[in-house]
Amino acid sequence: MQQPDPKEIMILNRIVVYSVIVIFLVVMAIYLLFFSGKTGQYNDYEDYIFGTYIRIKIASKVNTNTVAKAIFNEMKRLEQKYDPYNESSVLYKLNNSEDWVEVDDETLSIIDTSLKLARYTEGAFDPSIGRLIKLWGFDRFTQNQAENQFRVPTATEIAEAASQSGYQKIAIDYLNKKIKTNGAWIDLGGLLKGYALKRAYQIAKEFDKNCHGFIEAGGQIMILGPKYNKANWVIGIRDPRGQPGENIAIVYMKEGSIATSGDYERFFIIDNVRYHHIIDPKTGYPANKAISATIISEDPVIADAFSTAAFVLGKDNWLFTRTVFPKYGAEVMIVTPKKEQLRSDRFSIYEVADR
């Protein structure tokens, strides 16, 4: 029998070694592609900011701990800067001054945006009702119900607070970067989470433009990218009269933001009447023409502010809502007190799983 040529054996051994190396590299490439962040090893983070739990679910090729920390730090900065009841905040200075107050570019931009959104919604969203919010006690609402001491204000108190409110009172001097409230109290609670989510999205994409996942802040979600980099995120819209976890509708999203405002989040009940935190600026009382309002928009600021406005407008102004809101990139669904569901024309597109 002919003995194998040693050179041939050496060549075969090298081929085997090279094949093993190639297979190993292929396996590693597949692992890195599908499990190291491009597609799906998600990490979860949570913190308590803006009086609610902030949840980050993210996959990235960079260290997600670093990304989450940067996002939380930015949100805490915004919380402190725009807390109207913190004496060191810019809003406290504005609300407690009878004169013009010089502000930074960020504050000028946010308040300018809030006034534009107030005009778009014909005052249903109004950033100047801080006096009414404080009067009703929702400035000090806590998760511990035993700590909340509420009462229904008198009609006289409400009328007085309402007379000192109104976004039309707020003046902006763009040339000198100054703002004057003229007695109104600015409260940005109706859009600050949306702005914080926009900043969070920008920060995440600065670290890794291909990161994906989502950020949830109370009743609002900002999507960083499709699930596993291609699939829809399945998002439940809470049944406003159901138990937590019970949904009244399901939507499917790969991008953008969804925000829901409901009367079930912050409320108190006196004499079997539910009083919640979404105040109708025109009456000074909690709005009562809807029990839930959901907005889907590419812009989380629009989603946040318009969900409040849609709730305030309710069923009585549905023609205005379904006609005007989509012009600003917002699709809307409201649930009436009788649990009737009203949708703008294109909202149902998001209820199709395989679109």
Anything in the range 244-260 that is within 16 Å of residue 343 (Cβ to Cβ), among the polar types (S, T, N, Q) and buried (at least 19 other Cβ atoms within 10 Å of the Cβ)? List them, or say none. 260
Residue by residue through the range 327-353, note down the ones that are assigned to a loop (DSSP other than H, G, I, E, B), of a type in the set (D, E, K, R) and either touching a residue at least 24 places away in the same chain (Cβ under 8 Å) or closer than 11 Å to residue 294 by Cα (or both). 339, 340
Looking at (1) open to solvent by 20 Å² or more (accessible area, probe 1.4 Å); (2) polar (S, T, N, Q); (3) within 15 Å of the chain's Cα centre (by Cα), which is the only condition residue 220 fails? (1)
With the condition kept exactly as written, say whether any residue in the range 275-287 is closer than 25 Å to residue 130 by Cβ, among the β-branched types (Val, Ile, Thr) and surrounded by 15 or more Cβ atoms within 10 Å (Cβ to Cβ). yes
From (1) touching a Phe, Trp or Tyr at 6+ places or on another chain (Cβ under 9 Å); (2) on the phi > 0 side of the Ramachandran plot, pick out the condition that doesn't hold for residue 166. (1)
Within the range 169-176, is there a residue that is part of a helix (DSSP H, G or I), under 24 Å from the mean Cα position of the chain (by Cα), among the basic types (Lys, Arg) and under 20 Å from residue 84 (Cβ atoms)? no
In the range 223-243, which residue that is touching a residue at least 40 places away in the same chain (Cβ under 8 Å) and within 18 Å of residue 261 (Cβ to Cβ) is most open to solvent (accessible area, probe 1.4 Å)? 241
From the set of residues in the range 154-168 that are free of Cβ contacts under 8 Å to residues at least 40 places away in the same chain and either assigned to a loop (DSSP other than H, G, I, E, B) or not charged (D, E, K, R) (or both), which is surrounded by the fewest Cβ atoms within 10 Å (Cβ to Cβ)? 156
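The values are calculated or read from the model by the stated rules, or taken from the named source; none is laboratory data. Quantities reported herein were computed from a predicted structural model and do not represent experimental measurements. Quick reminder, even Gly has a Cβ in these numbers, built from the backbone with ideal geometry, and neighbours come from all protein chains shown. Heads up: the accessible areas ignore ligands, DNA and RNA and are worked out on the full protein's heavy atoms, side chains in. Shrake-Rupley method; radii C 1.70, N 1.55, O 1.52, S 1.80 Å.
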